[in-house]
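The values are calculated or read from the model by the stated rules, or taken from the named source; none is laboratory data. These numbers were taken from a predicted model, which means no experiment stands behind them. Positions of Cβ are backbone-derived with ideal geometry, glycine not excepted, and every protein chain shown enters the neighbour counts. The protein model used for the area step is the full one, side chains on, heavy atoms only, and it has no ligands, DNA or RNA in it. Shrake-Rupley method; radii C 1.70, N 1.55, O 1.52, S 1.80 Å.
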Amino acid sequence: MAECVRDNAAMPELKKHKANGSGDGDGNGGAADAPPSRFNLGSFRLEKILRGSARDKTVFVHGKVGEDCGDDQDAVIILEKTPFREETLPQLLNKNADLRLQMQNDIYSTHHLHAPSELNEIKTTVVYPATEKHIKKYLQQEMYLINETADDYKNITAPYLQSQSFSIQWVYNILEKKAEADRIIHEHPDPKNGFILIPDFKWNQKQVDDLYAIAIAHRRGVKSLRDLTAEHLPMLQTILQEGQMAIFKRYNVPKSRLRIYLHYQPSYYHLHVHFTAVGYDAPGTMVERAHLLSSVIDNLQLEPEYYQKQTLTFALKADDPLLQKFKEEGRL
């Protein structure tokens, strides 16, 4: 009989845990100096593939952990092939490379290059224990566009959000430095207008081509774009200006090469701002979801209650309960 191993008994219940580590705050870390994972893949049993992308080289899988112990729990694992880095190319392309011909036609040929294990890293993100909401979040589904008026927000969206239990304790853990304190890029500590800037879990910090950082506001009670008024302009301007300067100082990426935006609807309801490299096709940059921070600031300067009055468009998945609320009200 296989030995029963209880996974992650001491693991703090954070939003996401990286099985392969994320390197240090300077972007110089790697698998070699990362601590071993506390997540045990030995007791993981695959249930189904939630979705995958050949273009992005990612796959999202749902599985069970701990069945041998009789207390199995759900887990979501995201596997992503990491980008190539210039400094590792000489180790791939040399006389010792294991290159195997697949097809040749005149001057064109295709091969399989079998890279050494240390150059074949797969970034692995673990959500564990995962809830039904996590599983649905990553499941491939049909999408529907919603044109949410101010009345729709007041009568449909806001009451729905108030009725739901969305845990953002992991956000407070970051703001209180109970988690990820070693990953902070920059902090403005003012409780009203300040923020913490950290690398997003999607970025391994080994190259800036796919740079992705998140600015999380210290101020609580501001859930999304809909809550913003001219009162929040000092906070938004601080995030924009200091975030740009911090990223330039740390990664030598100028503001002209940054895309800085908010999501609506956001994936979690505490104000945060995304900083990504302009050349990176980051998730969630579609026109129906991303709102440039500079445009948000301009809109609030022109109309202090712009986002309380404006119709906002966003997409919802087919099984999203909020979509059902809009259907029940005849708005879809």
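May I ask you to say which residue of 214, 247 is in contact (Cβ under 8 Å) with a residue 12 or more places away in the chain, touching an Asp or Glu at 6+ places or on another chain (Cβ under 6 Å) and open to solvent by less than 20 Å² (accessible area, probe 1.4 Å)? Among 214, 247, only 214 is in contact (Cβ under 8 Å) with a residue 12 or more places away in the chain, touching an Asp or Glu at 6+ places or on another chain (Cβ under 6 Å) and open to solvent by less than 20 Å² (accessible area, probe 1.4 Å).
Just one of the numbered conditions (1) under 30 Å from residue 289 (Cβ atoms); (2) open to solvent by 80 Å² or more (accessible area, probe 1.4 Å); (3) not in a loop (DSSP other than H, G, I, E, B) is not true of residue 112: (1). All conditions in (1) in a loop (DSSP other than H, G, I, E, B); (2) open to solvent by 30 Å² or more (accessible area, probe 1.4 Å); (3) under 25 Å from residue 265 (Cβ atoms) hold for residue 222, with the sole exception of (2). Checking segment 231-239 against the condition returns a match, with at least one residue being over 23 Å from the mean Cα position of the chain (by Cα) and acidic (Asp, Glu). Just one of the listed residues (236, 316, 240) is under 19 Å from residue 143 (Cα atoms) and of a type outside the set (Val, Ile, Thr), and it is 316.
Would you please name the residue that is surrounded by the fewest Cβ atoms within 10 Å (Cβ to Cβ), looking only at residues in segment 115-135 that are small (Gly, Ala, Ser) and either part of a loop (DSSP other than H, G, I, E, B) or in contact with a Gly (Cβ under 9 Å, 6 or more places away or on another chain) (or both)? Going through the qualifying residues, I end up with 115. Would you check which residues across segment 167-194 are at pLDDT below 95, among the polar types (S, T, N, Q) and assigned to a loop (DSSP other than H, G, I, E, B) and list them? Scanning segment 167-194 gives a single hit, 167. Criterion applied to 234, 283 was being closer than 24 Å to residue 192 by Cα, open to solvent by 40 Å² or more (accessible area, probe 1.4 Å) and not basic (Lys, Arg), and the one residue passing it is 234.
Contact map, segment 153-165: residues that are among the β-branched types (Val, Ile, Thr) paired with residues that are open to solvent by less than 20 Å² (accessible area, probe 1.4 Å), Cβ distance under 7 Å, separation 6+ or inter-chain. Pairs shown: 156/326; 157/148; 157/322. The criterion of at least 3 residues that are under 23 Å from the mean Cα position of the chain (by Cα) and either modelled with pLDDT under 95 or farther than 24 Å from residue 215 by Cα (or both) is met, among helices (runs of 4 or more DSSP H) falling completely within segment 264-332, by 321-328.
Of everything in segment 31-58 that is open to solvent by less than 40 Å² (accessible area, probe 1.4 Å) and under 25 Å from residue 205 (Cα atoms), the residue that is modelled with the highest pLDDT is 58. When 316, 312 are checked against the criterion of being closer than 23 Å to residue 164 by Cβ, surrounded by 15 or more Cβ atoms within 10 Å (Cβ to Cβ) and out of contact with any Asp or Glu (no Cβ under 6 Å at 6 or more places or on another chain), a single residue qualifies: 316. Residue count for segment 85-105 satisfying the condition of being closer than 30 Å to residue 40 by Cβ and either touching a His at 6+ places or on another chain (Cβ under 6 Å) or modelled with pLDDT under 85 (or both): 1. Scanning segment 250-263 for residues that are among the hydrophobic types (A, V, I, L, M, F, W, C) and either within 15 Å of the chain's Cα centre (by Cα) or open to solvent by 100 Å² or more (accessible area, probe 1.4 Å) (or both) yields a total of 2. Assessment of segment 272-279 against the conditions (of a type in the set (Ser, Thr, Tyr) and open to solvent by 20 Å² or more (accessible area, probe 1.4 Å)) yields no matching residue.
Does segment 64-71 include one or more residues that are within 17 Å of the chain's Cα centre (by Cα) and either of a type in the set (Ser, Thr, Tyr) or open to solvent by less than 20 Å² (accessible area, probe 1.4 Å) (or both)? Within segment 64-71 (the criterion being within 17 Å of the chain's Cα centre (by Cα) and either of a type in the set (Ser, Thr, Tyr) or open to solvent by less than 20 Å² (accessible area, probe 1.4 Å) (or both)), the answer is no, since none of the residues qualifies.
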